[in-house]
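Read the structure below first, then the notes.
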Amino acid sequence: MRAIIHSAFGAPRDVLAIGDVDRPTPGPAEVLVRVRASAVAKGIWLITQGLPYIARPAYGLRAPKQPVAGLAFAGTVDAVGEAVTDFAVGDDVFGYHAGALAEFVAVPPDALARKPDRVSFEEAAAAPVSGLAALQAVRDSGKVEEGHRVLVIGASGGVGSFAVQIARAYGAEVTGVASTRNLALVRSLGADHAIDYTREDPLAGERRYDVVIDIAGNRRVSRLRRVLAPGGTLVMVGGTGGRWTMGFGRTVRGMLLSPFVRERIVGLISEPNPRDLRALAVLMEAGKLAPAVERTVPFTAAAEAVEEAGSGHASGTIVVRVRE
Ligand SMILES: NC(=O)c1ccc[n+]([C@@H]2O[C@H](COP(=O)([O-])OP(=O)(O)OC[C@H]3O[C@@H](n4cnc5c(N)ncnc54)[C@H](OP(=O)(O)O)[C@@H]3O)[C@@H](O)[C@H]2O)c1
């Protein structure tokens, strides 16, 4: 089968290429999915580069442990192992698994949920990684409730475009931060207010928030805390920084500070799980969540798409069509 082979750590155009590998054979407790679409987000760019360096034990110290790229997919069940009871051949599904940029993936049923009819394969493929991170940031770390004022920094990207919609679905008043060209997208996602960080400092002024979800940039924790209402929560999802930690050091410093200040500071480490995948499916089925697909590209353009996903200036998620 065709797959995007990840041969070494480096620039996507240099280390990602289409190759032929054996089609996986599903084990007794596995599902074989014929992949239709696979999302390409910042996380894949990081894995391709082997960044940040502190994550190398997970990715592989000198060379990628996982030979096929990709993390999130949507497709159709092609075969099921004899112990699988919850999925059948022909079911349309979406899920997460290493090696998703390939014509087939063999995955445990726990890594899958049924694709809602309301969304396309391309839209569903955008949800498992970025959508799960956003759901866990908003619901679990942020504990967002009806009426909360929520600030989403990096609102137009893979995670942010989900976070804005999910916070709205939980009844929050949402302010999204992005650059000029992405403001219309942020508003179309349902944000009540949109701030252009290239023209206005989103942390200046008197506006206070119950929850700040910090996804992009490298703003100081002390400045982020300043815009929190008393007892508010800062959720640190990601950001920029040096190649060793890519901003994770800032998150750790924030978390260490948390017990000594009035605000809660939480660092997100999202964990894929079937319950949350189904929760995303329910939101999509109800029309409360529509994954923002920046554009879809053919399989032959996967490496370029990963390169672009690393720019840090996405407008939603780029999705690779694995099967036309
Ligand atoms: N902790 C976790 O479990 C977890 C899970 C998933 C992702 N992440 C991390 O989260 C981060 C974002 O991922 P992503 O996939 O959403 O990235 P992305 O798709 O590249 O989105 C980043 C967005 O932030 C905006 N942005 C860039 N610089 C900004 C700034 N200075 N201030 C405000 N907004 C800015 C960009 O919009 P403009 O072009 O308009 O600037 C862009 O739309 C990454 O660091 C990723 O590694 C963490």
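Quick notes on this structure:
- The condition (being over 17 Å from the mean Cα position of the chain (by Cα), of a type in the set (Gly, Ala, Ser) and within 15 Å of the ligand (Cβ to nearest atom)) is satisfied by just one residue among Gly267, Gly231, Gly241: Gly241.
- Among the numbered conditions (1) in contact (Cβ under 8 Å) with a residue 24 or more places away in the chain; (2) out of contact with any Ser or Thr (no Cβ under 8 Å at 6 or more places or on another chain), the only one that Gly247 does not meet is (2).
- Residue selected from the stretch 125-145 under the condition surrounded by 24 or more Cβ atoms within 10 Å (Cβ to Cβ) and not in a helix (DSSP H, G or I), by the criterion farthest from the ligand (Cβ to nearest atom): Val144
A quick yes/no check of all residues on (1) part of a strand (DSSP E or B); (2) touching a residue at least 24 places away in the same chain (Cβ under 8 Å):
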{"position": "Arg34", "(1), (2)": "yes, yes"}
{"position": "Ser38", "(1), (2)": "yes, yes"}
{"position": "Gln66", "(1), (2)": "no, yes"}
{"position": "Ala88", "(1), (2)": "no, no"}
{"position": "Val105", "(1), (2)": "yes, yes"}
{"position": "Asp110", "(1), (2)": "no, yes"}
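- All positions within the stretch 146-197 that are surrounded by fewer than 17 Cβ atoms within 10 Å (Cβ to Cβ) and within 8 Å of the ligand (Cβ to nearest atom): Ser179, Thr180, Arg181
- When every residue of the stretch 123-138 is checked against the conditions, none turns out to be more than 19 Å from Asn273 (Cβ to Cβ), at pLDDT 95 or above and of a type in the set (A, V, I, L, M).
- Candidates Glu122, Glu82, filtered to the one that is surrounded by fewer than 24 Cβ atoms within 10 Å (Cβ to Cβ) and under 19 Å from Ala309 (Cα atoms): Glu122
- Condition met for Ile4 (touching a residue at least 24 places away in the same chain (Cβ under 8 Å), within 16 Å of the ligand (Cβ to nearest atom) and among the β-branched types (Val, Ile, Thr)): no
- Tally, over the stretch 287-304, of residues that are more than 13 Å from the chain's Cα centre (by Cα) and either without any contact (Cβ under 8 Å) to a residue 12 or more places away in the chain or within 12 Å of the ligand (Cβ to nearest atom) (or both): 1
- Near pairs, Cβ below 8 angstrom, 6+ apart or cross-chain, from the stretch 218-232 (on the phi > 0 side of the Ramachandran plot) to any residue that is crowded, with 18+ Cβ neighbours inside 10 Å and assigned to a loop (DSSP other than H, G, I, E, B): Gly231/Glu263
- Residues (among the acidic types (Asp, Glu), buried (at least 20 other Cβ atoms within 10 Å of the Cβ) and in a helix (DSSP H, G or I)) located in the stretch 269-298: Asp276
- Complete set of residues in the stretch 27-47 that are within 14 Å of the ligand (Cβ to nearest atom) and in contact with a Phe, Trp or Tyr (Cβ under 7 Å, 6 or more places away or on another chain): Ile47
- Of residues in the stretch 225-268 being assigned to a helix (DSSP H, G or I) and either among the aromatic types (Phe, Trp, Tyr) or in contact with a Lys or Arg (Cβ under 7 Å, 6 or more places away or on another chain) (or both), the one surrounded by the fewest Cβ atoms within 10 Å (Cβ to Cβ): Phe260
- Scope the stretch 122-140; condition within 21 Å of Val150 (Cα to Cα) and of a type in the set (Val, Ile, Thr); matching residues: Val138
- Taken together, the residues in the stretch 68-85 that are in a strand (DSSP E or B), touching a residue at least 60 places away in the same chain (Cβ under 8 Å) and not aromatic (Phe, Trp, Tyr) amount to 2.
- Failed criterion for Val320 (all others in (1) among the aliphatic types (A, V, I, L, M); (2) closer than 29 Å to Val144 by Cα; (3) away from the ligand (no atom under 12 Å from the Cβ) hold): (2)
The values are calculated or read from the model by the stated rules, or taken from the named source; none is laboratory data. Only a predicted model underlies this, so the values are computations on that prediction, with no experimental measurement involved. Neighbour counts are summed over all protein chains in view; Cβ atoms, including those assigned to glycine, are modelled from backbone coordinates with ideal geometry.
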